[in-house]
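First comes the structure, then the notes that go with it.
The values are calculated or read from the model by the stated rules, or taken from the named source; none is laboratory data. Not measured: the values here are computed from a predicted model. Neighbour counts run over all protein chains shown; Cβ positions are idealised from the backbone, glycine included. Accessible surface areas use protein heavy atoms only, side chains included; no ligands, DNA or RNA. Shrake-Rupley method; radii C 1.70, N 1.55, O 1.52, S 1.80 Å.
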Amino acid sequence: MSSSRYLEDCLSRRVIFFAGKGGVGKTTLAWATAIACAQRSKPVTLVGLSPFDTTKSPPMENHPDITWLTIEPVEAFREYTLRILKFDRVYQLVFDNRVFKTFIRAAPGMAETVVAGKVWDLYARAPNHLILVDLPSTGHALSFFQSPLGVKTLFAAGFVHKETLKILEMFSEPTTRIDIVTLPEELAVLESTQFKRKLQSLLPVTFGYVHLNQTVPALGDLNSIPQQPALDTIRKRYEEEKRRDREAEDELKALELPMIKFPRIGNTTWRETVEALANQLGQS
Amino acid sequence: MNPIFKKAEVFLVAGPGGVGKTTLSAALGMALASQGFKTIVLTVDPAKRLANALGLELFDHEVQEIPIVGNMLLFASQLDSQRYFDRLIERFSRTPQQKEKILINPLYRAMVDTLGGTHEYAAMERLLEFVETKSYEKIVVDTPPTQNAVDLLNAPERLADFMDSSVLKWFGGTKPYYVSLFRQGTRLAMKMLRRIFGSEFLETFGKFLDDLEGMHAGFRKRNLEVLELLRGPTTAVLVVNTASETRYLETRAFLQTLGEQRIQVAMLILNRLEPLVSSELPNGFEAPEKETAYYLGILQHYHSLYVVEQWWVERFEGLRPDLDLVRIEQWGEFTHPKEVLLRLGKQLLFFPQPPTDC
């Protein structure tokens, strides 16, 4: 894998997970990737995971080549149960939502496993689709991958057990890739390295790219330019941000993954930002 | 001093993760303490951010004293929400035996980890405790970095829902009299569930729910007490955000939810704002072409960031023109010396006047 072959690599995968701390730009990157892939005629399904992903309305919702959906655990669990058990109308009424909610909340790892199960469902039903999963923030993301392991043990027999085996298999397929999105900020970088280390110790997964978001754009080499007192503040800021970016890049080398940098650009709307990033990726 | 800060006793610093809530909470706490109020800052955030913001490695005690200016002290407390939830179970258990049975149940431990909202619930419960003991004049609550800020308010309700006895009856488990209350359909449904989950789990789960029986009333009552506190005149909710499209949409939704819950917002704070930068070179600037191009490039970049952000600041202003909107500019460093924090806190405390140094 190299940074210049990002798009090519994406097109060769079946599932890509975008992981990272809250607020680093996972959703933005996931959408940019979706658009860049769709532009190469790849059918894409973009998955958001509720309740973590409900804070903004999806401005790209009606993009023609991209299927966008949100998976909500209680609804997914209900759907799954009703399908597996082939309940008829009477029993559908008997199970009301509060009962499902109770199970989801109390049964450890149930919610995440159910959601992963739905991803697996999409995966099995549409082998030519590329599925992009916008994961919740890091702590929850680890639970997402970890939960099927716990559930498999807790529910030592039955349908759920079998489902967890399939899910774990999907995570470890070579066509599955996990990308890490981060910012050039100490906490974000730290969480990225911790996340990779922890996940690797749990499952045999394939990591993909590190996306370093909101870097300062390359505006010139400072060293040969003399100081100008009137512009001192702005120059200092630029130099400080470049130094911060370099430090983050150095720390992220520990991940041993190819890195792509995305500069911070002044766009008014989120949609413009996504499209600009999609262009950058499209040229890769 | 701004009347909001004079009048209220509890300050809830709310907002999504990554906007600087912890720093602002620390700053506000310091500023209040510097004005002579006995102040405590509460956090549930397991990361060491509050400690770091206050210049410490981590907290040694449940309530930590931090010297700020002269003889002034600020108090801070970091909640261990896992252990804290145990205390809640203790409070609501009807017998010591019930408490023990729950605490040793492996499902309980797992539930606290995955239930979602336990951090938030523990934070609210802890807050109530501090308010009831009346040990502090001002309490600043650094709320957990929930992705969806609405979770904070929903948490107690969701928990009470979970404990709802009418749902628990569904999983009657070992108690025969429950089963007889329901139609044949229930038995069949449970049989189906056994096929999915296995008998062993269902039995453990049923027992667990049996043990929780009766606690729901306690949780629900507490939930109402939390809401009452949040709705009352002694609480001020400060909503913190950064200025961009997604944050704007989030804030709008959050304000609406708060309104529906009849919780008033006292102040909107926009943090980490870009400072004003002109896109033009200063008067009299003369330099070779390469140098000029270099400086122009930098100016235009930062100027465009400023302009875009200002557009959203205006949208924020339009959200609630009746509220104070405080704008805080981006700081260069991410860890802040105490003096800087104090100045920041005073900017809030004395808004809209510029703070005097004292």
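A few comments on the model shown:
- Count of residues meeting criterion [open to solvent by 30 Å² or more (accessible area, probe 1.4 Å), of a type in the set (A, V, I, L, M, F, W, C) and at pLDDT 60 or above] in region A:48-74: 2
- Screening B:M267 on (1) within 13 Å of chain A (Cβ to nearest Cβ); (2) surrounded by 20 or more Cβ atoms within 10 Å (Cβ to Cβ) shows it passes everything except condition (1).
- Some residue of region B:271-283 being in contact with a Lys or Arg (Cβ under 8 Å, 6 or more places away or on another chain), closer than 30 Å to A:V24 by Cα and in contact (Cβ under 8 Å) with a residue 24 or more places away in the chain: yes
- Residue that is over 30 Å from A:L281 (Cβ atoms), in contact with a Lys or Arg (Cβ under 7 Å, 6 or more places away or on another chain) and at pLDDT below 70, where the choices are A:F95, A:F100: A:F100
Conditions tested, residue by residue: (1) open to solvent by less than 50 Å² (accessible area, probe 1.4 Å); (2) of a type outside the set (F, W, Y); (3) touching a residue at least 60 places away in the same chain (Cβ under 8 Å); (4) not in a helix (DSSP H, G or I).
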residue: A:T113; (1), (2), (3), (4): yes, yes, no, no
residue: A:A116; (1), (2), (3), (4): yes, yes, no, no
residue: A:I131; (1), (2), (3), (4): yes, yes, yes, yes
residue: A:F144; (1), (2), (3), (4): yes, no, yes, no
residue: A:V160; (1), (2), (3), (4): yes, yes, no, no
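- Scanning region A:162-191 for residues that are within 14 Å of chain B (Cβ to nearest Cβ) and in a helix (DSSP H, G or I) returns A:K162, A:E163, A:T164, A:E186, A:L187, A:A188, A:V189, A:L190, A:E191.
- Entry remark, region B:216-264: residues being touching a Pro at 6+ places or on another chain (Cβ under 9 Å), of a type in the set (A, V, I, L, M) and away from chain A (no Cβ under 14 Å) number 3 in total.
- Test: residue in region A:206-215 that is away from chain B (no Cβ under 14 Å), in contact with a Leu (Cβ under 6 Å, 6 or more places away or on another chain), surrounded by 12 or more Cβ atoms within 10 Å (Cβ to Cβ) and farther than 24 Å from A:A276 by Cα: yes
- Candidates in region B:270-311 are the residues that are of a type in the set (F, W, Y) and over 30 Å from B:L348 (Cα atoms); of these, the one that is most open to solvent (accessible area, probe 1.4 Å) is B:F285.
- Region A:10-42 - residue that is of a type in the set (D, E, K, R) and more than 14 Å from chain B (Cβ to nearest Cβ) and, of those, nearest to A:T70 (Cα to Cα): A:R14
- Whichever residue in region A:217-272 is farther than 26 Å from B:A287 by Cα and among the acidic types (D, E) and, among such residues, is farthest from the other protein chains (Cβ to nearest Cβ): A:E256
- Residue in region A:221-230 that is in a helix (DSSP H, G or I) and either out of contact with any Ser or Thr (no Cβ under 6 Å at 6 or more places or on another chain) or surrounded by fewer than 17 Cβ atoms within 10 Å (Cβ to Cβ) (or both) present: yes
- Only one of the listed residues (A:L183, A:L255) is over 30 Å from B:T292 (Cβ atoms) and open to solvent by less than 20 Å² (accessible area, probe 1.4 Å). That residue is A:L255.
- Of the candidates A:E240, A:E249, A:E275, A:E256, the single residue that is free of Cβ contacts under 8 Å to residues at least 12 places away in the same chain and either of a type in the set (S, T, N, Q) or within 27 Å of A:C37 (Cβ to Cβ) (or both) is A:E256.
- Being of a type in the set (F, W, Y), buried (at least 20 other Cβ atoms within 10 Å of the Cβ), over 15 Å from the mean Cα position of the chain (by Cα) and at pLDDT below 90 holds for only one residue in B:F254, B:F219, and it is B:F219.
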